[in-house]
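The values are calculated or read from the model by the stated rules, or taken from the named source; none is laboratory data. Note that this is a predicted model, so its numbers are computed, not measured. Note that each Cβ is placed from the backbone with ideal geometry, even for glycine, and that neighbours are counted across all protein chains shown. Just so you know, the surface numbers come from the protein's heavy atoms only, side chains and all, with ligands and any DNA or RNA stripped out. Shrake-Rupley method; radii C 1.70, N 1.55, O 1.52, S 1.80 Å.
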Amino acid sequence: MNAPTEAQTLDMLQTAPAGAAALSRPTPGAPMWLLAELTYRCPLHCVFCSNPTDYAAHSAELSTEDWLRVFREARAMGAVQLGLSGGEPLLRDDLELLVAEARKLGFYINLITSGIGLTEKRAASLKEAGLDHIQLSFQDSTKELNDFLSSTRTFDHKNKVAAIIKAQGYPMVLNCVMHRYNLPHVGRIIEMAERMGAEFLELANTQYYGWAWHNRAALMPSHAELIAAEEVVDSHRARLAGRMKILWVSPDYYDAKVKPCMAGWGAVFMVIAPDGVALPCHSARMLPGFDFPKVTEHSIASIWRDSDAFNRYRGTGWMSETCLSCDEHPKDFGGCRCQAFLVTGSAEATDPVCPKSPDRHRIDAAITAADQAAGLSTPQPLRFVPGAAQGGGMLFRTDANSRALVAPDSGEVEFAAPEGAG
């Protein structure tokens, strides 16, 4: 069975709620894709991490039995794909048991991992338990930049893990988040994936949520850099046709087109956070005015069908006249509520990437700033020395920075690589 990446799965599901946006409050179908964020613990400190910036305030984790109940209830409702992520899911000692029970229920199971903690023995145990595929993340094709961006010495280990995954017969699925620092290396990233025997390579341009929002100015490429990188991708895609599928996830800001985020709010996708909070998307937890339900207090069925959190942005009742009058809203479902909140301060606002949005100028200003910054900076060297960009003001994902962002009086955030990153 071919292994879909996260981007592919959402692409396949875009048609699932066809016509739903035409209803003020549609009756939801099944939560076809369940993402279980097993833990927020992680050995990496990535500057673009999608975990909430206040993750340190949510350290509780569901028990094994709680997770198994969630899997049973979701499968009974029709969920078919199960993603196991984090943080780093390999930090859960019960991972093999969770996989085995999910396999018995009939899920297609995808492990999304940094690879830290994956040994030959554990990869074999997960295979025996029924894991279908592993999506392994890299930060770059060079040791220096990979280790700098994650603030860890992990590049060599990731290469070993890639070989382990291949040797165990898993589909080889690699993922790399793209941004100003590594876009000039995109050709070498593709060549690295080719050498590893990858069947799928997802090049996901940074979307500005979570930690990436705080690092937006440092991570945003210029329009010219993005176009040049995409041309490189297109040339390799043609060369590798039939051997490796390259998925280029373009950034919303530059597309100037509203994406059907999560195939529509509460349409096919459900995230369960480590502490049991149920969310319609990865980033929704930071939206104000919500009381997101917990699986320790409510069933998956009641959360999916009845909760305000999952119903609030279903259908069209919440949409502005700008969205309602647009022919695209049955296709894009009004776009991203988290992006609207971060850029405009209102989750109900028209997605600001839309050319019709009254806030589009905010996105254009960010793009102009990135273009100007690119014109002032020297070209990014291929070999990046860890610590060289600490003066650039990047905020690394650390427990201390998370606590400081939650409670500013608890200490100043550190715009530098954590100790030991050199």
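Key figures
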read-out: Qualifying residues in the stretch 270-287 (those that are part of a helix (DSSP H, G or I) and either of a type in the set (A, V, I, L, M) or open to solvent by less than 30 Å² (accessible area, probe 1.4 Å) (or both)) - the one farthest from residue 66 (Cα to Cα); value: 286
read-out: Listing of helices (runs of 4 or more DSSP H) fully contained in the stretch 168-238 that carry 1 or more residues being within 16 Å of the chain's Cα centre (by Cα) and among the basic types (Lys, Arg); value: 216-219
read-out: Condition met for residue 145 (touching a Cys at 6+ places or on another chain (Cβ under 7 Å), surrounded by 23 or more Cβ atoms within 10 Å (Cβ to Cβ) and in a helix (DSSP H, G or I)); value: no
read-out: Candidate set: the stretch 355-366, residues that are more than 15 Å from residue 218 (Cβ to Cβ) and among the hydrophobic types (A, V, I, L, M, F, W, C); chosen: the one surrounded by the most Cβ atoms within 10 Å (Cβ to Cβ); value: 363
read-out: Matching option when the condition is surrounded by fewer than 21 Cβ atoms within 10 Å (Cβ to Cβ), at pLDDT 95 or above and not in a loop (DSSP other than H, G, I, E, B), among 34, 68, 84; value: 68
read-out: Conditions (1) in contact (Cβ under 8 Å) with a residue 40 or more places away in the chain; (2) in contact with a Lys or Arg (Cβ under 9 Å, 6 or more places away or on another chain); (3) farther than 14 Å from residue 28 by Cβ: number failed by residue 326; value: (1)
read-out: Matching residues, the stretch 87-100, being in a loop (DSSP other than H, G, I, E, B) and closer than 19 Å to residue 45 by Cα; value: 87, 88, 92
read-out: Pick from the stretch 288-313, criterion over 18 Å from residue 36 (Cβ atoms), part of a helix (DSSP H, G or I) and without any contact (Cβ under 8 Å) to a residue 40 or more places away in the chain, ranking: least open to solvent (accessible area, probe 1.4 Å); value: 302
read-out: Residues of the stretch 51-65 satisfying the condition of being of a type in the set (S, T, N, Q) and surrounded by fewer than 19 Cβ atoms within 10 Å (Cβ to Cβ); value: 59, 63, 64
read-out: Which numbered condition residue 74 fails, given (1) in a loop (DSSP other than H, G, I, E, B); (2) crowded, with 18+ Cβ neighbours inside 10 Å; value: (1)
read-out: The stretch 206-224, residues that are touching a Pro at 6+ places or on another chain (Cβ under 7 Å) and of a type outside the set (Gly, Ala, Ser); value: 206, 207
read-out: Helices (runs of 4 or more DSSP H) wholly inside the stretch 324-421 containing at least 1 residues that are out of contact with any strand residue (DSSP E or B) (no Cβ under 9 Å at 6 or more places or on another chain) and modelled with pLDDT under 95; value: 329-332, 360-376, 399-406
read-out: Residues that are farther than 28 Å from residue 395 by Cβ, over 20 Å from the mean Cα position of the chain (by Cα) and not hydrophobic (A, V, I, L, M, F, W, C), drawn from the stretch 121-158; value: 121, 122, 125, 127, 128, 130
read-out: Condition check for residue 78: in contact with a strand residue (DSSP E or B) (Cβ under 7 Å, 6 or more places away or on another chain), at pLDDT 95 or above and within 29 Å of residue 32 (Cα to Cα); value: no
read-out: Unique match (being surrounded by 18 or more Cβ atoms within 10 Å (Cβ to Cβ) and within 15 Å of residue 170 (Cα to Cα)) among 90, 98, 136; value: 136
read-out: Count of the stretch 101-117 residues which are touching a helix residue (DSSP H, G or I) at 6+ places or on another chain (Cβ under 9 Å), surrounded by fewer than 24 Cβ atoms within 10 Å (Cβ to Cβ) and either among the charged types (D, E, K, R) or assigned to a helix (DSSP H, G or I) (or both); value: 3
read-out: Residue match in the stretch 232-243 (condition: under 19 Å from residue 332 (Cβ atoms) and open to solvent by 10 Å² or more (accessible area, probe 1.4 Å)); value: no
read-out: So residue 131, is it surrounded by 21 or more Cβ atoms within 10 Å (Cβ to Cβ), more than 28 Å from residue 186 (Cα to Cα) and aliphatic (A, V, I, L, M); value: yes
